[in-house]
Each structure stands twice: as structure tokens, then as C-alpha cells.
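Novice: Before we start, here is the structure in question, set down as C-alpha cells.
The values are calculated or read from the model by the stated rules, or taken from the named source; none is laboratory data. Computed from a predicted structure; not experimentally measured. Cβ: placed from backbone, ideal geometry, glycine included. Neighbour counts: every protein chain shown. Note: accessible area is taken over every heavy atom of the protein model, side chains too, but ligands, DNA and RNA are not part of it. Shrake-Rupley method; radii C 1.70, N 1.55, O 1.52, S 1.80 Å.
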Amino acid sequence: MSDAPAEAGPGEARLAPPVDRFGRALYDASVAIAVIGGLITLVVTALTVVSVVGRGVFNDPLLGDSEVVEVGIALAIFSFLPYCQMRGANVIVDFFTMAASTRMRACLDMIMNAVFLACVAVLTWRLAVGGLAAFRNGDNSMFLRIPLWWGYLAGFIVSIVWCLSCLHVAVRFGRVMIGADGQGR
């Protein structure tokens, strides 16, 4: 079985799940994180409904609902990014590369993923710096007094998985580019 990127039709992800042991573990972790992100989205949605109904019907909204929504949605969005990376589901404009060879497209995708890795690594580093500052300063949310470093820590952990996903996908495209994907192209 090949670990090569898949050809995708409209609305399909471009990468099949990896078959190597590390890639499979990374893929499974990204799926689990995405499921957690989906659950967070459901909880935040339910909380928002309860708060809006409380505000509209009883004139009594939930205290700090905006704080929970802010952190929850940020975590949910971050949770989907490693899975999106592993499936190659980022927005891609391939109008100019449709006629290019598989190796040329793989080369461009490898470069794009390497650049993306650099950007995500900087983001991960800044999350670590911000989280440590929030921890040292004892920063809390205004109403619920939720320690802000919790959100930074969760984002940092997900960003580490995202970095590894970018690296793994870049390597996968690199293997296609050099013809080491088992398909002999």
C-alpha cells in the first residue's frame, strides 16, 4: 500500500490517511483532537443558547458566557487544524499547476508545507511565551476568574501536533517528489 497523496475530486481531501506507524499515530491523534474540538463547539453552542434564552426570557444571562465562548471557540478552531493538515484539506488554488507533473506538484506542496511548518512553529513558540507570561502574571478572565494560561497551554499542545503534521505531510510530498512513494512515478 502506498503512502502517496491521493488525487482528489471536488469537495474531497487531497491526502489519504498515512500508512506508516508514526503517521498513523499522528493521524489518530489529530482525529481525536478534532473530535474534542467538535465537542467543545457543541458545549459552547449549548451555553450560548442557554445564555440567550436566559437573557431574552428571564432577563438573566449566564455570567461570563462570553469568556467561555471566546476560549472555547479558539480551542475548537485550533483543534481542527492538525486534522486539516493531515488530510491536505487546506484551500488550494491549483489553476496554474493542474497540468504540472505529479512530481512538480509534490515539490510545490512540499515547499508549501515546509513554509507552513515555519509559520506554525513561530505561532507555537509565541503561544508558549504568552502562556508563560500569563502564568507568571496570574492573569485570569474578568468574570469567572479562569486562569488564561490554560487556554495557552491547550493551544500550545495542539500546535505541537500541528507542527508535526506539517512536517509529516511535507515529508510525504517529498517522498512523492523523489519517487520513493512506492508508485514509481
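Novice: Give the residues of the range 52-80 that are of a type in the set (Ser, Thr, Tyr) and either modelled with pLDDT under 95 or not in a helix (DSSP H, G or I) (or both), sorted by residue number.
Specialist: Across the range 52-80, the qualifying residue is only SER66.
Novice: Based on what the data block shows, is ARG145 among the basic types (Lys, Arg) and at negative phi? Step through it out loud before you land on a result.
Specialist: Values: among the basic types (Lys, Arg): yes; at negative phi: no.
The answer is no for ARG145.
Novice: What number of residues within the range 44-70 satisfy the criterion of being over 30 Å from PRO17 (Cα atoms) and touching a residue at least 12 places away in the same chain (Cβ under 8 Å)?
Specialist: Of the residues in the range 44-70, 11 are over 30 Å from PRO17 (Cα atoms) and touching a residue at least 12 places away in the same chain (Cβ under 8 Å).
Novice: Only residues that are part of a loop (DSSP other than H, G, I, E, B) and either touching a Phe, Trp or Tyr at 6+ places or on another chain (Cβ under 7 Å) or not β-branched (Val, Ile, Thr) (or both): list them for the range 143-177, please. Walk me through it before giving the result.
Specialist: Residues of the range 143-177 part of a loop (DSSP other than H, G, I, E, B): 143-146, 148.
If the condition is that a residue be part of a loop (DSSP other than H, G, I, E, B) and either touching a Phe, Trp or Tyr at 6+ places or on another chain (Cβ under 7 Å) or not β-branched (Val, Ile, Thr) (or both), then PHE143, LEU144, ARG145, LEU148 are the ones that fit.
Novice: Any chance the range 135-142 includes a residue that's in contact (Cβ under 8 Å) with a residue 60 or more places away in the chain and either open to solvent by 20 Å² or more (accessible area, probe 1.4 Å) or out of contact with any Phe, Trp or Tyr (no Cβ under 8 Å at 6 or more places or on another chain) (or both)? Steps first, answer last, please.
Specialist: Of the residues in the range 135-142, the ones in contact (Cβ under 8 Å) with a residue 60 or more places away in the chain are 141-142.
Right, trim to either open to solvent by 20 Å² or more (accessible area, probe 1.4 Å) or out of contact with any Phe, Trp or Tyr (no Cβ under 8 Å at 6 or more places or on another chain) (or both) and you get 141-142.
Looking for residues that are in contact (Cβ under 8 Å) with a residue 60 or more places away in the chain and either open to solvent by 20 Å² or more (accessible area, probe 1.4 Å) or out of contact with any Phe, Trp or Tyr (no Cβ under 8 Å at 6 or more places or on another chain) (or both), one finds at least one in the range 135-142, hence yes.
Novice: Oh, and also: May I ask you to list the residues in the range 133-142 that are touching a Leu at 6+ places or on another chain (Cβ under 6 Å) and not in a helix (DSSP H, G or I)? Working first, answer last.
Specialist: Initial filter on the range 133-142 (touching a Leu at 6+ places or on another chain (Cβ under 6 Å)): 134, 139.
The answer is ASP139, and nothing else.
Novice: How many of the residues making up the range 11-51 are among the hydroxyl-bearing types (Ser, Thr, Tyr) and closer than 15 Å to LEU164 by Cα?
Specialist: Here is the first cut: in the range 11-51, the ones among the hydroxyl-bearing types (Ser, Thr, Tyr) are 27, 30, 41, 45, 48, 51.
Within this subset, residues satisfying the condition of being closer than 15 Å to LEU164 by Cα are 27, 30.
Total meeting the criteria: 2.
Novice: Continuing with the same structure: Just give me the residues in the range 76-101 being among the β-branched types (Val, Ile, Thr) and open to solvent by 40 Å² or more (accessible area, probe 1.4 Å), in sequence order.
Specialist: To start, the set of residues in the range 76-101 that are among the β-branched types (Val, Ile, Thr) comprises 77, 91-93, 97.
Selection gives ILE77, VAL91, ILE92, VAL93.
Novice: So ALA180 clears everything in (1) open to solvent by 20 Å² or more (accessible area, probe 1.4 Å); (2) of a type in the set (A, V, I, L, M); (3) in a helix (DSSP H, G or I) except one condition, right? Which one?
Specialist: That leaves (3) as the condition not met.
Novice: Which residues, taken from the range 25-75, are among the acidic types (Asp, Glu) and either open to solvent by 40 Å² or more (accessible area, probe 1.4 Å) or under 24 Å from HIS168 (Cα atoms) (or both)? Break it down stepwise before answering.
Specialist: Let us first name the residues in the range 25-75 that are among the acidic types (Asp, Glu), namely 28, 60, 65, 67, 70.
The answer is ASP28, ASP60, GLU70.
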